[in-house]
Amino acid sequence: MTGISGADRIFATQEQIASRVAEMGSAITADYRGKNLLLLSVLKGAIFFMADLARAIDLPLEMEYLAITSYQQDHDNPEHRTIRITKDVGHPLHDKDVLVVEDIIDTGLTLYYILRFLAAKEPRSLEICTLLDRPYRRLVDIDVRYTGFTVPDTFFCGLRIRFPPTPPQPTPPSGVGYLMTQQPQERNQSTYATPPRNPLIHYEDLRFRSGSSPLRHKTHKDGPVIAATLYLPAAAHPGKAKLPGLIVAHGAGSRRLRHRSFCEQACLAGLAVLGIDFRGHGESTGLVDGPLEEDVLAAAALLRSHPLVDGTRLGYRGSSMGGYYGLRAAAQADFSAVAVLCPANEQVMLRALERKHEWSAAQDAGLEARLDEEVLTEFFRRNSLLETVRLITCPVLIVHARADEKVEFQHSLDLAAHLGDEAHLWLLPEGSHTSAQSSPEMHHRVITWLKTYLDA
């Protein structure tokens, strides 16, 4: 035990683990007799447990592996997780009885997305087996059929179960079969340049596919991959009432991280918040090619599919270009309420395209927008937001500063006139194009307005 730095106590001995794995193997043998069993592990945490479990199962079986990046760190959000399949299974699953083998299950969010991915392959059955489980930490409702040990909220090592990504994982002594714990206060204490995450919020980085642009002729038929962050109240639980959802989108040349404070404030107010990077921005793929409302619609579909979200109560908050595309998507997305801050229009976007040096300046400041200028120009010349908003039937809040240097406040007056009774217009006597987007006081006022309709 002296070879493992930071170990606190022995949770289970080699003999106890072997006995429990044998019991699980016997149960699986009885349940899967006469079936086409396939054990599937997510690399690399559970492979040694799956090998031991396979030896304890007295049946013919196959083994397969997935690889994901659900614990990959990035320089902007070291504590956030992404969920991306990097290695798919090598064989069809439609005639298989798949048993997903995990080392440890915590919130269940990563496993929830893996199960959705596997279910799309139409296996004959799909069940879960885990060595360690923390069911009290669940954020989604998943049914674990076989559990080795229900464990406390501490870190475990031994049996080659991993420590957190940093500091570097120590190597257990050869032949160690026991599990040892590290107390919560001894967890990774390294510091990061980015703001610390709020312990009252659960953060999840996601990737999903958006629609493709019919105006593009040189691209693949698949749409771009959209990067997003999901903010959930840490106390949310499947047994409680479902949460209203909110999509938050940025302006041109920006990215979702610029609106993190608003997303956190909205989450603390009881909303499930999905902040997105539009295509051609931030961590999303693709180019800004016109119909970015497809990104909003794909985000709405994803948020509605979440088991903690009430899909009938979905709202939207977008600034500048994000306001423009939120309004374009509003009728089809069936939002309950929409808030737009200094929303752009086609003329504003065309002027921005004519001033390419502003995009370069944004890139120098750590922001960027990757454009298909020709297609984008055609799109803005062909469309009229004022005609589109006539189809909106939900309440729309428009916030605009009179001194806005990029979007004339007359545009918001025109929007309100075309929206009719659905419009709520707040004209701010002072401030700039970005001040309404960054003001904590305005965050509070907008969230309060949204909740009036989302909580109804």
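Every number here is computed from the coordinates shown, using simple stated rules; none is lab data. Note that the structure is a prediction, hence the values are computed from the model and not measured. Reconstructed Cβ throughout: ideal geometry from the backbone, glycine too, with neighbour counts over all protein chains shown.
A crude spin-label estimate for the pair L413 and H94, with each label 7 Å from Cα along the Cβ direction, gives 6.2 nm. Taking one quarter of the surface of the C-alpha convex hull of segment 289-448 gives a mean projected area of 9.9 nm². A straight Cα-to-Cα reach below 12 Å connects K96 with the aspartates and glutamates E62, E64, E122, E127, residues fewer than 8 places away in its own chain not being considered.
Each of F48, F11 has some number of other Cβ atoms within 10 Å of its Cβ, and from fewest to most they run F48, F11. Karplus-based coupling profile of segment 96-105, in residue order and whole Hz: 9, 9, 8, 10, 6, 10, 10, 7, 8, 10, with θ = phi - 60° in 6.51 cos²θ - 1.76 cosθ + 1.60 and x standing for Gly or Pro. Between D141 and S435, the modelled labels are 4.8 nm apart [label points 7 Å from Cα along Cα→Cβ].
Each peptide in 105-117, 319-331 gets a packing score, the mean of other Cβ atoms within 10 Å over its residues, and the list from highest to lowest is 319-331, 105-117. What is the calculated FRET efficiency for L353 to T69, with r their C-beta to C-beta distance and R₀ = 45 Å, to the nearest 0.05? Between L353 and T69 the formula returns 0.85.
Listing H443, H91, H281 from fewest to most neighbouring C-beta atoms within 10 Å gives H91, H443, H281.
Put in order of Cβ neighbour count within 10 Å, fewest first, the listed residues R304, R138 become R304, R138.
Separation of the alpha carbons by more than 25 angstrom is noted, of K44/K242; K121/K240; K87/K121; K35/K121; K44/K121, for K44/K242; K121/K240. Counting every C-alpha pair in segment 91-154, the share spaced more than 19 angstrom apart comes to 31%. Taking all Cα-Cα distances within segment 214-331, those exceeding 17 Å account for 53%.
The stretch between R116 and R382 holds 91.9 nm of extra length on full extension. This uses 0.36 nm per residue minus the Cα-Cα distance.
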